[in-house]
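Below you'll find the structure, written out as structure tokens, and then a few comments.
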């Protein structure tokens with residue numbers, strides 16, 4: 001995809017967001033709230049001031065990872081609905097490892113704990129990848145199933161083995177040396193966001209420059225031709241799913257080690273699923289995951305302050321999120337509404 | 001008086017003018033060939049006549065009366081019928097149900113089956129269009145499905161019948177039957193517009209020919225005044241030189257050999273390939289002649305490593321490669337031109353540059369330590385574009401944005417442009433226009449002249465005859481005969497291909 005493609009994609013997404021906000025305004029108005037008040041709170045809550053910006057970054061960080069995970073799997077033609085489960089196993093593994101290694105120097109501790117979280121996510125990603133390659137089981141089904149397994153399993157493990165001796169089902173608090181360092185003191189913005197951006201850069205490089213990325217793309221776009229070109233389609237499928245799982249696992253690691261400082265069952269408000277929306281908006285580009293993640297993070301943090309200060313239910317913002325997805329993911333509908341229908345020269349008329 | 005007349009028809013798709021001021025007129029009761037290369041605008045013009053497209057400008061007359069055609073319904077009521085290249089039949093319904101769908105004879109509000117059958121039999125008897133009204137469409141042959149479509153059009157009162165590339169899906173004997181039907185239809189005055197890009201068929205069956213090129217009418221002539229050469233010149237705008245036919249005597253070295261290769265069919269059905277033994281020597285083209293679906297696909301898949309034979313061995317330059325995957329077979333120096341280029345040959349949403357190395361991307365020319373050498377890859381792609389005359393704006397455009405002929409040139413360039421000693425070319429010119437076909441055949445002959453062994457699998461008998469030193473005839477998965485090309489007559493091949501061995 002060239003620069004022009006990216007630019008028009010960006011413009012298209014921006015229009016989709018504006019349209020969603022417009023309809024959101026109608027809904028807010030119809031619900032008897034002031035649209036001005038709602039949106040000024042939304043904007044201020046998302047971007048107005050250091051604290052708001054920090055909240056947006058914190059809300060965006062897990063989405064950066066899960067969005068990247070899903071977008072990467074898309075490149076191989078795989079729909080990883082299992083980011084949520086991979087995130088849970090990553091989070092628990094990292095928390096447990098970070099606690100267990102308290103004797104090591106902090107830097108080493110953090111690195112090993114992150115790697116363990118990624119490894120756990122990769123291991124969970126391996127299962128649907130292998131089942132797809134071996135027996136053709138559709139990854140959407142298997143990843144959805146594994147979400148239940150992962151969420152319940154982590155809860156079970158915490159309750160029975162890693163429980164903080166308090167009233168709540170959760171692990172003990174990570175000692176400060178086991179945490180991801182804060183980037184901006186006094187906020188919860190941690191090194192996680194930097195790791196996320198590095199992960200984007202790395203996977204973008206893999207996708208555009210490496211033989212592995214080339215083969216994954218070929219498999220994703222036409223597995224028959226890839227096979228004919230000597231690509232090991234099954235191996236690439238498993239690898240793509242494992243990489244995707246590793247990145248989703250890191251989402252959990254970064255949450256556990258950088259934001260919550262512990263593992264808490266059911267802590268995720270659906271980061272794995274929102275990651276799907278992020279990936280859909282990002283389209284073919286890895287870099288586009290960043291603005292897409294920030295968009296959803298901003299709607300989240302802005303929505304919170306809207307609820308807090310203007311008393312407007314958060315659900316209205318969730319609806320706006322849904323509309324954004326709808327407009328981006330249904331391009332035909334969206335472009336029909338906008339009269340932006342792309343001309344397809346030759347298609348349908350070229351054959352005579 | 002003309003049965004149909006189209007004047008100054010222009011139709012644009014985006015920036016491309018598929019029809020640019022086209023004139024077309026067909027007389028009542030004639031078979032009118034509409035000839036042109038792929039993309040010349042033939043189908044577009046006829047879809048306009050049938051109301052599937054609206055022309056941007058121009059006028060249409062039916063029986064000299066101005067006609068307003070806004071949809072197929074209008075066309076049908078004006079007595080125009082069309083049989084599409086891809087049939088529009090409901091597979092699970094019977095022939096009769098398909099034919100009457102949309103204009104069912106009724107009795108007391110219910111479908112009057114008896115009357116429907118009688119009407120169908122009446123039409124099919126009159127024109128020799130044999131069908132079994134009670135058979136389900138999924139059970140009958142492609143040729144019969146085409147007859148169902150023709151009857152359907154006739155029963156809706158078609159006076160002018162448009163046939164869009166009707167012979168593309170037929171076996172040689174079926175083509176003869178179709179031509180007989182077309183002649184029978186002409187008798188009572190039905191006009192037939194016959195879209196094709198095949199010269200031989202145009203010469204054989206049509207009364208007059210209109211040639212389109214690049215969306216414009218080149219001219220209309222009586223077939224009796226035309227020669228194949230004059231028609232090619234009208235279609236392509238230049239005459240094509242005969243292939244430079246340097247038949248070097250084949251050397252003895254057998255480069256590719258199949259020994260008693262079989263591919264089992266599904267449980268209970270016959271083998272798809274049954275004990276096929278073939279040897280292709282250096283400097284020869286061995287052509288596989290046969291009606292589509294007699295094991296050609298399986299032969300191609302086995303030879304290129306996409307499928308493991310259930311029995312037998314494949315030997316490549318003295319080495320047993322049975323069970324090797326396509327990647328390893330390619331590494332051994334086999335250039336593979338797949339029969340299904342869209343499915344196997346390319347990734348249509350990736351660029352020409354990316355497609356130009358698919359299959360060789362792991363070689364040290366194009367990657368180092370797992371990283372693609374972008375510059376080498378782009379140079380390589382540009383080289384193919386230049387050398388193989390691929391009409392492309394840039395090597396960054398997607399493969400899917402090229403026309404079929406240019407895609408195939410790109411593919412052939414990729415395969416023949418790397419070191420190889422064996423070529424497996426399956427349907428190398430399927431669906432291509434005259435110019436591209438000519439070019440690709442030349443490339444195959446050039447490969448042969450440089451001592452490669454070429455296995456040519458083609459459903460086009462003319463192609464097999466033109467290129468092959470020897471021909472192997474395949475029927476129901478068996479090789480029924482292998483001989484030097486010159487020792488076969490076309491009639492003989494036709495009989496062998498259709499399994500009538502005893503009559504040869």
- line: In segment B:163-177, residues that are within 15 Å of residue B:88 (Cα to Cα) and assigned to a loop (DSSP other than H, G, I, E, B) total 3
Test: residue in segment A:192-205 that is in contact with a helix residue (DSSP H, G or I) (Cβ under 7 Å, 6 or more places away or on another chain), farther than 20 Å from residue A:257 by Cα and away from every other protein chain (no Cβ under 14 Å): yes
- line: Selection from segment B:373-405 of residues at the interface with another protein chain (Cβ under 10 Å from one of its Cβ atoms) and touching a helix residue (DSSP H, G or I) at 6+ places or on another chain (Cβ under 6 Å) yields B:377, B:399
message: Conditions first: (1) surrounded by fewer than 17 Cβ atoms within 10 Å (Cβ to Cβ); (2) in contact (Cβ under 8 Å) with a residue 24 or more places away in the chain. Residue A:98 passes all but one, so which condition is the exception?
response: (1)
statement: Within segment B:1-38, the count of residues that are facing chain A (nearest Cβ under 8 Å) and crowded, with 24+ Cβ neighbours inside 10 Å comes to 2
- line: Okay, helices (runs of 4 or more DSSP H) sitting entirely in segment B:1-117 with 3 or more residues that are under 26 Å from the mean Cα position of the chain (by Cα) and closer than 27 Å to residue B:433 by Cβ, I get B:42-49
- prompt: Here are B:391, B:441, B:430: which of them is assigned to a loop (DSSP other than H, G, I, E, B) and in the same structural domain as residue B:332 (by TED's automatic domain parsing)?
  reply: B:430
field: Selection count, segment B:346-372, where residues are out of contact with any strand residue (DSSP E or B) (no Cβ under 6 Å at 6 or more places or on another chain), surrounded by fewer than 16 Cβ atoms within 10 Å (Cβ to Cβ) and within 12 Å of chain A (Cβ to nearest Cβ)
entry: 4
task: From the list B:232, B:248, B:181, pick out the single residue that is part of a helix (DSSP H, G or I) and modelled with pLDDT under 90.
output: B:232
message: I want to confirm something. Restricting to segment A:206-242 and keeping residues that are in contact with a helix residue (DSSP H, G or I) (Cβ under 6 Å, 6 or more places away or on another chain) and over 19 Å from residue B:349 (Cβ atoms), which single residue is nearest to the other protein chains (Cβ to nearest Cβ)?
response: A:230
statement: Checked segment A:55-95 for anything buried (at least 24 other Cβ atoms within 10 Å of the Cβ) and not in a helix (DSSP H, G or I); matches are A:76, A:78, A:80, A:82
field: Extreme residue, surrounded by the fewest Cβ atoms within 10 Å (Cβ to Cβ), among residues of segment B:333-345 that are more than 17 Å from residue B:443 (Cβ to Cβ) and facing chain A (nearest Cβ under 7 Å)
entry: B:343
task: Could you tell me whether any residue of segment B:402-421 is crowded, with 19+ Cβ neighbours inside 10 Å, under 18 Å from residue B:289 (Cα atoms) and without any contact (Cβ under 8 Å) to a residue 60 or more places away in the chain?
output: no
- line: Counting only residues that are within 14 Å of another protein chain (Cβ to nearest Cβ) and more than 25 Å from residue B:16 (Cα to Cα), segment B:164-221 contains a total of 1
Whichever residue in segment B:304-332 is closer than 24 Å to residue B:381 by Cα and within 8 Å of chain A (Cβ to nearest Cβ) and, among such residues, is nearest to the chain's Cα centre (by Cα): B:304
query: For segment B:152-162, does any single residue satisfy the condition of being buried (at least 22 other Cβ atoms within 10 Å of the Cβ) and more than 16 Å from residue B:83 (Cα to Cα)?
result: no
- request: Name the single residue, out of those in segment B:187-209 being surrounded by fewer than 18 Cβ atoms within 10 Å (Cβ to Cβ) and assigned to a helix (DSSP H, G or I), that is nearest to the chain's Cα centre (by Cα).
  value: B:200
task: Check A:258, A:252, A:270, A:275 and return the single one that is more than 14 Å from every other protein chain (Cβ to nearest Cβ), touching a helix residue (DSSP H, G or I) at 6+ places or on another chain (Cβ under 9 Å), closer than 27 Å to residue A:9 by Cβ and crowded, with 24+ Cβ neighbours inside 10 Å.
output: A:275
message: Taking the conditions exactly as written (more than 32 Å from the chain's Cα centre (by Cα) and either in the same structural domain as residue B:193 (by TED's automatic domain parsing) or not in a helix (DSSP H, G or I) (or both)), does residue B:130 satisfy them or not?
response: no
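The values are calculated or read from the model by the stated rules, or taken from the named source; none is laboratory data. All of these numbers come straight from a predicted model, not from anything done at the bench. Using ideal geometry, Cβ is built from the backbone for each residue, glycine included, and neighbour counts are taken over all protein chains shown.
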